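Worksheet for the structure shown next.
The values are calculated or read from the model by the stated rules, or taken from the named source; none is laboratory data. Keep in mind it's a predicted model, so treat the numbers as computed, not measured. No Cβ is skipped: glycine too gets one built from the backbone with ideal geometry, and neighbour counts run over all protein chains shown.
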Amino acid sequence: MKIYTKTGDAGETGLFGGGRVAKDDARVDAYGEVDELNATLGLARGFPMPTDMDALLQRLQDQLFTLGAVLATPAGTKASSHIPELKAEWAEDMERNIDSFEAELPKMTHFVLPGGTQAAAALHLARTVCRRAERRTVPLLREGMIPQAVVVYLNRLSDLLFVMARLANHRAGVQDVKWIPEKPTK
């Protein structure tokens, strides 16, 4: 099977379950953002990363494939019955990880600038991509096109990625860089 089909050469793509839409359709934009997020997590995993965090990132990548499939499949189509469901436990598991990871971290007293180790910087980048993906899914939720679990998942994931970035720095012995705003001049 060839990787190129030429079916998208006119600016349209097929949704899973049928139907063609413009490549800039809100649904396509949303699952494209989730795909970019997944690739960004893969990039983060390419840097030295604590084993427990790497294993968690792999699980998240698997879950993001399911989330992308949900976004790519209109509800009510025959194909939608073949898509795994998003599980509420995934968000709950993220909350448990956030709580566990935060217990290792010093109390946050300032906003922090993205950066530090390569792993932390990549996790901060993934967090911002996650927030953009979340922003792209909200209009679909508002129009009743996707389940609320999609937005909940992405919201929780961005929080987890922030904590993981801080933890990657902490475990490597690298201080987060505090944002100290300049005093306004009058």
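See the values below:
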read-out: Residue in segment 162-171 that is surrounded by fewer than 17 Cβ atoms within 10 Å (Cβ to Cβ) and not small (G, A, S) present; value: no
read-out: Hits in segment 74-87 (condition: in contact with a helix residue (DSSP H, G or I) (Cβ under 9 Å, 6 or more places away or on another chain) and loosely packed, with under 11 Cβ neighbours inside 10 Å); value: E85
read-out: Residue selected from segment 88-104 under the condition closer than 27 Å to V174 by Cβ and touching a residue at least 24 places away in the same chain (Cβ under 8 Å), by the criterion surrounded by the most Cβ atoms within 10 Å (Cβ to Cβ); value: M94
read-out: Test: residue in segment 105-113 that is part of a helix (DSSP H, G or I) and farther than 15 Å from R171 by Cβ; value: no
read-out: Some residue of segment 81-90 being at pLDDT 95 or above and outside any loop (DSSP other than H, G, I, E, B); value: yes
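Results for (1) over 19 Å from E36 (Cα atoms); (2) small (G, A, S); (3) over 18 Å from the mean Cα position of the chain (by Cα), shown as yes or no for each residue.
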site	(1), (2), (3)
P106	yes, no, yes
T109	yes, no, yes
A119	no, yes, no
R135	no, no, no
V150	no, no, no
Y153	no, no, no
L167	yes, no, no
D176	yes, no, yes
